[in-house]
Amino acid sequence: MADSHILFLVFTYFIRYVFGQNTFDIPDLRFEAFSPRGLLVSMPYSSDIKLFGFHGNINKPIQQIEPGDISEDITRPTNGRFNYFNPNLELKVGDVINYWVFVQVDQLGYRKSELSWKVDKIMSLDNPSPTKCQLSSTLFNGISSCVGNILHESRFNLNNVDGYLWLTEKYYPDKPDYEYVIYGNDEDVLNVEGNLLHIKPKFNESIVRSNINIEGCTRQQRHECERRFVSIYQPPIISARIKTKSTFTFGKYEIRAKLPKGDWIYPEIFLEDPKNPTRRVIIAYARGNEVLTGDSGDDIGGSLLFGGPMASNMEPQRSRYLSSYRNKQPIANEMHTFILEWTPEQMSLYIDDINYGEISKTALQETGFNRATPMHLVLGVGVGGPIHFPNGYTSKTYVMPWKSTSSTQLKNFYDSKSLWLPTWGDDSQLQIELVKITAI
């Protein structure tokens with residue numbers, strides 16, 4: 001996987017460089033080494049520079065388009081400069097940084113290579129220079145960043161999902177949700193069109209009684225990649241899920257999206273611990289059922305939004321720390337901006353400009369989300385399953401047609417398709433306009 005990242009990066013820079021043949025003088029960089037550790041590399045800000053890329057090696061040569069041991073792409077200035085800050089690098093006088101620089105000016109790219117800087121003095125962090133960034137608690141692939149740095153931004157203005165930033169999952173889901181779908185990359189399920197990412201699950205009756213072998217499966221366990229039909233039905237829904245290849249801890253997560261409508265559909269917009277997928281931070285969740293009521297008349301349908309930390313997939317811990325917001329109409333009726341702000345001290349949740357949830361430091365300590373756990377951002381659409389819908393709830397005119405403990409739940413779901421499938425339409429899709437992750 002690492003090799004494919006490097007090849008993609010090299011190809012991207014090659015294309016940008018080849019087509020950027022006009023002249024542009026890349027400004028000189030400023031280097032500052034700190035004690036006990038830390039390196040700041042900065043370049044003066046100019047409004048026509050859209051990206052500053054720094055790639056370097058310590059005390060060894062670097063090839064012209066080699067990614068390097070220390071590297072980052074910076075798209076936003078701080079205090080009038082583009083700043084790359086590595087807080088973990090321990091340097092000494094005499095060390096040499098060999099590097100190359102790439103800048104994007106409008107749609108053209110320019111590179112300056114075969115450069116080097118020798119450490120001639122070490123500055124104290126107790127007396128930092130004016131250009132030094134404010135170090136954030138937010139981690140990007142385990143590395144600290146400067147407050148205000150944009151660590152990830154996807155606007156989906158290409159004609160496909162950016163394979164450098166996102167992994168398209170292909171697997172047969174198991175725990176923690178056991179949803180009634182198979183995740184793949186069918187073009188009519190997962191696509192980018194009109195500057196929007198679309199994930200629209202589809203009903204596929206032909207696979208219910210078939211043997212399944214997922215080509216290009218992204219999971220390691222055999223039962224997540226292939227299953228034979230014996231007596232238990234296969235999931236009748238093809239859906240999609242993507243996740244960031246990078247990991248993040250803490251930070252501000254901004255997702256502008258229109259959630260999916262339709263009975264037993266739900267969005268998957270959350271941070272997930274790769275070592276324990278039951279540990280999640282929900283950014284936006286609302287069931288696709290317009291109305292979903294229990295015996296007491298409580299409605300947990302599409303007008304109820306949830307967000308917050310989830311330390312277990314079993315109740316009551318699953319929803320104990322979640323915050324909720326009741327809207328006057330289904331959340332999926334229109335596009336919204338969902339925001340999670342997460343620090344070691346607290347979490348804050350927003351829909352548009354409304355702050356509907358504050359998760360305390362005590363709650364974070366009890367769930368373990370006060371610790372620096374690397375997380376992937378996940379975007380997808382799930383359907384059904386034994387976890388997301390309580391037994392006995394009524395979707396407008398009919399009771400949920402399966403029991404969460406039944407061995408025939410998939411068959412019961414499939415057999416009741418005449419009830420739920422008519423509620424699916426063009427709005428039964430997750431549409432994402434923006435994903436932005438910022439260090440705070």
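The values are calculated or read from the model by the stated rules, or taken from the named source; none is laboratory data. Keep in mind it's a predicted model, so treat the numbers as computed, not measured. For neighbour counting, all protein chains shown are included, and Cβ atoms are generated from backbone atoms with ideal geometry for every residue, glycine included.
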- Message: Looking at the range 89-112, I want the residues that are in contact (Cβ under 8 Å) with a residue 12 or more places away in the chain and have a partner that is crowded, with 19+ Cβ neighbours inside 10 Å and among the basic types (Lys, Arg) with Cβ atoms under 8 Å, at least 6 apart or on another chain. Which pairs are those?
- Response: 102/16; 104/16; 108/16; 109/16
- Residue check: is residue 37 at pLDDT below 90 and either under 22 Å from residue 244 (Cα atoms) or surrounded by fewer than 20 Cβ atoms within 10 Å (Cβ to Cβ) (or both)? yes
- Message: Just to be sure before I move on: is residue 281 touching a residue at least 24 places away in the same chain (Cβ under 8 Å), under 22 Å from residue 438 (Cα atoms) and either assigned by the TED database to the domain that holds residue 421 or within 13 Å of the chain's Cα centre (by Cα) (or both) in the structure I sent?
- Response: yes
- Counted residues, the range 136-161 - those being closer than 15 Å to residue 372 by Cα and either among the aliphatic types (A, V, I, L, M) or in contact with a helix residue (DSSP H, G or I) (Cβ under 9 Å, 6 or more places away or on another chain) (or both): 2
- Residues being assigned to a loop (DSSP other than H, G, I, E, B) and surrounded by fewer than 17 Cβ atoms within 10 Å (Cβ to Cβ): count how many of those fall in the range 407-426. 4
- Tell me, which strands (runs of 3 or more DSSP E) lie completely within the range 301-363 with 3 or more residues that are of a type outside the set (Asp, Glu) and within 17 Å of residue 267 (Cβ to Cβ)? 304-310, 323-326, 336-342, 347-351
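If you check 233, 253, 325, 266, which single one turns out to be in contact with a His (Cβ under 7 Å, 6 or more places away or on another chain) and either of a type in the set (Phe, Trp, Tyr) or surrounded by 19 or more Cβ atoms within 10 Å (Cβ to Cβ) (or both)?
Details: 233 fails: in contact with a His (Cβ under 7 Å, 6 or more places away or on another chain); 253 fails: in contact with a His (Cβ under 7 Å, 6 or more places away or on another chain); 325 fails: in contact with a His (Cβ under 7 Å, 6 or more places away or on another chain).
The unique qualifying residue is 266.
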- Sort out which residues of the range 34-76 are more than 30 Å from the chain's Cα centre (by Cα), part of a strand (DSSP E or B) and not aliphatic (A, V, I, L, M), and write them in order of number. 34, 35, 44
- Note on the structure: Within the range 173-222, the count of residues that are touching a Leu at 6+ places or on another chain (Cβ under 7 Å) and more than 18 Å from residue 244 (Cα to Cα) comes to 2
- Does residue 254 satisfy the criteria of being under 27 Å from residue 369 (Cβ atoms) and of a type outside the set (Ser, Thr, Tyr)? yes
- Task: Under 9 Å between Cβ atoms, at least 6 apart or on separate chains: pull out the pairs that start in the range 40-59 with a residue that is free of Cβ contacts under 8 Å to residues at least 12 places away in the same chain and assigned by the TED database to the domain that holds residue 119 and end on any residue that is part of a loop (DSSP other than H, G, I, E, B) and of a type outside the set (D, E, K, R).
- Result: none
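Suppose we filter the range 193-208 for residues that are of a type outside the set (S, T, N, Q), within 22 Å of residue 410 (Cβ to Cβ) and surrounded by 12 or more Cβ atoms within 10 Å (Cβ to Cβ); how many remain?
Qualifying residue count, the range 193-208: 7.
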- Task: Just need a number here: residues in the range 319-348 that are in contact (Cβ under 8 Å) with a residue 40 or more places away in the chain and either closer than 30 Å to residue 365 by Cα or touching a strand residue (DSSP E or B) at 6+ places or on another chain (Cβ under 7 Å) (or both).
- Result: 16
- Task: Please give the number of the condition residue 317 fails out of (1) in contact with a helix residue (DSSP H, G or I) (Cβ under 9 Å, 6 or more places away or on another chain); (2) surrounded by 21 or more Cβ atoms within 10 Å (Cβ to Cβ).
- Result: (2)
